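The values are calculated or read from the model by the stated rules, or taken from the named source; none is laboratory data. As the structure is a prediction and not an experimental result, all values here were calculated from the model. Here the Cβ positions follow ideal geometry from the backbone for every residue, glycine too, while neighbour counts run over all protein chains shown.
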Amino acid sequence: MTNSSHFTVTQGVNLIGGGLVNEQDINDIRKSGKSLFCADSGLNYALKNNLLVSGLIGDLDSVGSQKDATYPVLFDQSQDTNDLEKSLDVINAKYIICYGFLGGRLDHSLASFNVISKTKQVVFLIGEEDVCVVCPKNLKLNLPIGTRFALFPMDKTFAKSKGLMWNLDGILMSPNGRISTSNESIEKHIEIWIDDGLALAIFPRNTLPTIINQWPF
């Protein structure tokens, strides 16, 4: 086992956790060619499917002894952070695509939303049908008309939009007030401005490659 304090990659990477991971997730990871990091028991999925592991992060309570590991291991026994937060604290990458952190237990999914709302990393949480990411202050995308594109505020949020069915201009959104789920594009070009606050952007999983190619890193 080789101990490490952080992992730095100039391109995007994959991160796999111990939650729900399906065959499509494994296939996407394998086809991507990106470095794969494992958050604790996410390692079990990687080893079971013969995926190349670039690093392991966590308190290692779910994966047994790693004394013979051929990949770097970062041991973090803190009980104040979950596996996703531990991982985002030590991976430096252009962006991080995360599998196994949504679905299953609702409290775990909510915790994942909380974590990506606090980090400065660009983190795409992958669900069975959708992708979730913190919306940047200005986002310009070319998408097929009719593409579902939702915004869920994590705080009191003022936003403006162009090209969405339900315009956001002048609307105060909040977790317990107005939200913008079930919105969709009505023009090929959409644009979002977050003037104040913070919101999660949610869109179909099959649009992720297109959106990453246009993301304002």
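Quick notes
This table checks each residue for (1) assigned to a strand (DSSP E or B); (2) aromatic (Phe, Trp, Tyr); (3) closer than 14 Å to VAL13 by Cα.
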position	(1), (2), (3)
PHE37	yes, yes, yes
ASP61	no, no, no
GLY64	no, no, no
THR70	no, no, no
GLN79	no, no, no
LEU88	no, no, yes
LEU110	no, no, no
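- The residue of the stretch 163-211 that is farthest from the chain's Cα centre (by Cα), among those that are of a type in the set (Val, Ile, Thr) and assigned to a loop (DSSP other than H, G, I, E, B), is ILE186.
- Yes/no for SER78 being over 16 Å from ILE16 (Cβ atoms), touching a helix residue (DSSP H, G or I) at 6+ places or on another chain (Cβ under 9 Å) and modelled with pLDDT under 95: yes
- Qualifying residue in the stretch 160-172 (condition: in contact (Cβ under 8 Å) with a residue 60 or more places away in the chain and among the charged types (D, E, K, R)): no
- Residues that are surrounded by fewer than 19 Cβ atoms within 10 Å (Cβ to Cβ), within 15 Å of ILE96 (Cα to Cα) and of a type outside the set (Ser, Thr, Tyr), drawn from the stretch 31-42: GLY33
- Count of the stretch 112-136 residues which are in a loop (DSSP other than H, G, I, E, B) and loosely packed, with under 14 Cβ neighbours inside 10 Å: 3
- Selection status of LEU84, crowded, with 19+ Cβ neighbours inside 10 Å, part of a helix (DSSP H, G or I), in contact (Cβ under 8 Å) with a residue 60 or more places away in the chain and under 12 Å from the mean Cα position of the chain (by Cα): yes
- Any chance PHE101 is farther than 22 Å from PRO216 by Cα, outside any helix (DSSP H, G or I) and under 13 Å from the mean Cα position of the chain (by Cα): yes
- Here LEU139 passes the criteria (1) loosely packed, with under 14 Cβ neighbours inside 10 Å; (2) among the hydrophobic types (A, V, I, L, M, F, W, C); (3) within 20 Å of the chain's Cα centre (by Cα) except the one numbered (1).
- Considering the stretch 49-59, and only residues there that are in a loop (DSSP other than H, G, I, E, B) and aliphatic (A, V, I, L, M), the residue that is surrounded by the most Cβ atoms within 10 Å (Cβ to Cβ) turns out to be VAL53.
- Meets criteria (surrounded by 15 or more Cβ atoms within 10 Å (Cβ to Cβ) and in contact with a helix residue (DSSP H, G or I) (Cβ under 7 Å, 6 or more places away or on another chain)) for ALA46: no
- For the stretch 151-178, a residue qualifies if it is surrounded by 18 or more Cβ atoms within 10 Å (Cβ to Cβ) and more than 23 Å from LEU88 (Cβ to Cβ), and the qualifying residues are ALA159, SER161, GLY163, LEU164, LEU168, MET173.
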